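Structure first, then comments.
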Amino acid sequence: MGTEEVSNQTIMVCASLTSQSVEQIVSDMYQAKAQGADIVEVRLDLITNFKPSRDLQIILTNKLLPVLIVYRPKWEGGLYDGDENMRLEALQLALELGADFIDVEMKAASRFKTMVGHKRNHNSPVKIIVSCCVDGITPPKEELLQLIVKIIATGACIIKLVTHAADITEITRIFSLLPYCQAPLIAYSVGERGLISQLLCPKFGGFFVYGSLAGNQIPGLPSLDSLREAYKLEHVNADTKVFGLISKPVSHSKGPILHNPSFRHVNYNGIYVPMFVDNLKEFFNTYASPDFAGFSVGIPYKEEVIRFCDEVHPLAQSIGAVNTIIRRPRDGKLVGYNTDCEASITAIEDALIEHGCNDGGASLGSPLAGRLFVLVGAGGAGKALAFGAKSRGARVVIFDIDFERAKSLASAVFGEAHPYKDLVKFQPEKGAILANATPIGMHPNTDRISVAEATLGDYRLVFDAVYTPRRTRLLKEANAAGAITVSGVEMFLRQATAQFNLFTGLQAPEEFMREIVLSKF
């Protein structure tokens, strides 16, 4: 089971099929091909009332793509709990019926090799993957290398190593293995914290990337659609610069949909990925190489992250929140910026001007001058809005669930702070601006709004920093009440183009990025 025949393979996208019926698996194979998969993984242990001779014949006779057969026992995290000989005989039958890849566990590999050795044609194109699933915290690199040596000793054609990362920092141990392995290596970590182990494996030399079918999202796996349209991993190589969103949670992020096509549009060799981060200090200590060239910063880290920047732009320093970090090429220092402030305020200003609401602010050049600006939320996004509104001459009133935080921000912008519980009975003056800078209304909890519906008619404009969904309930209710509405999507686009400029040193393709936002968000 030598490695020569697969050592020069380019990255392949493998669709993980988890259906419980053979008929659905055949249907899923059609979908996988249509969605851009190069290969499908079929889990026999998930099939209800699995009959090897009948079901394998159906699956392999109807295959549209190369098929990887897995029959995972309970002792390795699967569902099969029967006779071991029968399990291995089913894998042998799959090999004989035309499976392209067979996955066998390291503990069973020698036994399986002996079982099939006298029957197998060594010129057969079937490739044997020997796999090992590591429970608990990902071991140090040295232990993982010893494990790989043991797997190679079984005669593996391809090595597969699966871990369960409890923290994103563990993933670097996997990346450190990929460039030096003598055999093709499939190595990744499951779960949302392990997502980058899939997306960045082509940069570090991985063999497979796993993806999930549309409508059947598997935590920790990118969708086939995102791999085909957003990430396009065939363009990723050892020189690719990595950018990502540091957040918790992170699954809502639309950044990859926008930044990755934009990188390619200007021929910049970069990839933008979601990064589920639990501990900022450990994250920055671990991902300290020049390969990780910049970051967006999301909830809940926009304020805390300042402590980990070597330098902070004066605007971000005055606001007290950073949403963009670049690793300066000449010295590797982390420099923090805030692109939220101008993005949100100019989005609000432009909407007011578009609707002829520039009265009262002409002398200062802003339609916000002199207006009451009611801000809900005093976190990172709220700070950006408050400082932006103050800079335009607005009178700022702040509500936050943390009243002390609201008072601190109000003091910084010479505004007023009120307890959050008073928001439902707060009566704004006519023509005021309302800005929601809380996660209220964000997917999946889309049925909530932060203010009393009866007051929405008193606001001239309502802005919602939430951009998933694009039209939040707050914006729908405000529109029905006659207010101008500005979606967080507009803020997102504007701050993203500014981030793009900082990330790449190039001019963002603004019209191209706007087209993506309008069609995909």
Residues of segment 293-307 being open to solvent by 10 Å² or more (accessible area, probe 1.4 Å), closer than 30 Å to D239 by Cβ and either assigned to a helix (DSSP H, G or I) or among the hydrophobic types (A, V, I, L, M, F, W, C) (or both), in sequence order, are A293
Quick one: in segment 135-145, of everything that is open to solvent by 20 Å² or more (accessible area, probe 1.4 Å) and among the hydrophobic types (A, V, I, L, M, F, W, C), which residue is nearest to L88 (Cα to Cα)?
L145
Can you find a residue in segment 155-169 that is under 27 Å from K232 (Cβ atoms), under 29 Å from the mean Cα position of the chain (by Cα), among the charged types (D, E, K, R) and outside any loop (DSSP other than H, G, I, E, B)?
yes
Kindly state which helices (runs of 4 or more DSSP H) lie completely within segment 407-521 and contain at least 1 residues that are touching a strand residue (DSSP E or B) at 6+ places or on another chain (Cβ under 7 Å), on the phi < 0 side of the Ramachandran plot and open to solvent by less than 40 Å² (accessible area, probe 1.4 Å).
473-480, 488-504
Looking at (1) within 33 Å of the chain's Cα centre (by Cα); (2) not in a strand (DSSP E or B), can you tell me which one V374 breaks?
(2)
Kindly indicate whether any position in segment 18-28 is of a type in the set (D, E), buried (at least 19 other Cβ atoms within 10 Å of the Cβ), under 29 Å from the mean Cα position of the chain (by Cα) and closer than 24 Å to P219 by Cα.
yes
Just name the residue that is farthest from S226 (Cα to Cα) out of those in segment 29-66 that are among the aliphatic types (A, V, I, L, M) and in contact (Cβ under 8 Å) with a residue 60 or more places away in the chain.
I39
Tell me yes or no: at least one residue of segment 392-404 is touching a residue at least 60 places away in the same chain (Cβ under 8 Å), surrounded by fewer than 19 Cβ atoms within 10 Å (Cβ to Cβ) and not aromatic (F, W, Y).
no
Flagged pairs (Cβ under 7 angstrom, 6 or more apart or on separate chains; first in segment 170-199, on the phi > 0 side of the Ramachandran plot; second open to solvent by less than 20 Å² (accessible area, probe 1.4 Å) and among the hydrophobic types (A, V, I, L, M, F, W, C)) are G191/A165
Matching option when the condition is in contact with a helix residue (DSSP H, G or I) (Cβ under 6 Å, 6 or more places away or on another chain), farther than 24 Å from L200 by Cα and either among the charged types (D, E, K, R) or at pLDDT 95 or above (or both), among V322, V277
V322
Restricting to segment 320-347, and then to whatever is more than 14 Å from G379 (Cα to Cα) and part of a helix (DSSP H, G or I), can you tell me which residue is most open to solvent (accessible area, probe 1.4 Å)?
E342
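The values are calculated or read from the model by the stated rules, or taken from the named source; none is laboratory data. The shown structure was predicted, so the numbers you read here are calculated from the model rather than taken from an experiment. Heads up, the Cβs are rebuilt from the backbone with ideal geometry, glycines too, and the neighbour counts pull from every protein chain shown. Protein only, heavy atoms only, side chains kept; ligands, DNA and RNA dropped before computing areas. Shrake-Rupley method; radii C 1.70, N 1.55, O 1.52, S 1.80 Å.
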